[in-house]
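What follows draws every value from the coordinates through simple rules; no lab data is involved. These numbers were taken from a predicted model, which means no experiment stands behind them. Reconstructed Cβ throughout: ideal geometry from the backbone, glycine too, with neighbour counts over all protein chains shown.
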Amino acid sequence: MTRPHFCHIGNPSRRGWGQEKSLAWLAAFGLLSATAQCHAQGSFQITFDGDPVQPPGTSYFVQQYFESGAWFRPLGVIGPGNGFSRRGGGSPSFIPDNGTAYIATAFGDSLQFSFLHGSPFSLVSVDLAEYSTTVPNAVTVPFVGYRSDGSVVNASFTTDGIIDGTGPIADFQTFHFCPQFSNLTRVEIPTYGWSLDNLVVVPEPGMSIYRSPTNVVVSWSPTWPGIVLESSPTLTPPEWQPVSTNGTNSLSFPISGPSRFFRLNLDALRGLCYAPE
Ligand SMILES: [Ca+2]
Ligand SMILES: [Ca+2]
């Protein structure tokens, strides 16, 4: 089940390559959002099921957790008393249950996450539930996304306040992020009293330019279909034109000749959608 929500991008005066790319993506997304939420190619799900495995029926207070290259930790200084809970699901019957492990925050807890080595990423969706049947109130969970171009994007999801623990009712709901939740370097959830599972993430493709004695080598990864390498002789204004790559992800250009600028156009990649679950 999804709920309507609103996004806001801060720091609108800053314009750079990242924002330009995002605006292009927004234009592409607008054509498709009427029928489906977008799951960009290359997405994967962080399940919080381990390693290490969190046994069913247990709840451990932890300072950090790692999965698929993502690093989850509280806001502030990592240490005793500052962290969040890993729950194994199942009994006790008063906490949310979806049959798997997940994370939760009690009074005073918080969460932030990023990828090791600072790799940028997008958020697609997340499963959220209330804290417990003893604190069953609908809870609003704010996500603050910090983007690599310096802008900040916000989203708040409010749960339905329906929870019966190990009973037959679905405690968790799936919420989808606005497409602005892209090119992120870090995301914070500064509040507590929620349960969270199944975070769907898309790592951002990256490009590098290397100069050899005689050539400039432009390469990028991963090599998903739909990524288009573009080149422009200037940035004032840019005149982007696709570059023939012949299916490779690495091209060499002679150092001689006029200067050129390169970028990865991800519009086609962003447009790959399928119906929401
Ligand atoms: Ca899980
Ligand atoms: Ca619920």
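Which of rounded, prolate, oblate describes region 206-270, given a ≥ b ≥ c as roots of the alpha-carbon gyration tensor eigenvalues and a/c under 1.5 marking rounded, otherwise prolate only if a/b is larger than b/c?
oblate
Here the peptides 192-205, 235-248 are ranked by packing, the mean other Cβ count within 10 Å, and the order with the highest first is 192-205, 235-248. Taking every alpha-carbon pair under 8 Å whose residues sit at least 6 apart, region 56-112 reaches a relative contact order of 38 percent.
Simple rule: put +1 on each Lys or Arg Cβ and -1 on each Asp or Glu Cβ in region 105-206, find the dipole, and look at Pro168, Thr158, Pro205; the Cα lying farthest toward the positive end is Pro205. Dipole magnitude for region 141-222: about 520 debye, using +1 per Lys or Arg Cβ and -1 per Asp or Glu Cβ, origin at the Cα centre.
Based on the Cβ-Cβ distance from Ile78 to Ser256, what FRET efficiency comes out when R0 is 41 Å, to the nearest 0.05?
That gives a FRET efficiency of 0.20.
Packing, as the average of other Cβ atoms within 10 Å across residues, places the peptides 55-62, 177-184 in the order 177-184, 55-62, highest first.
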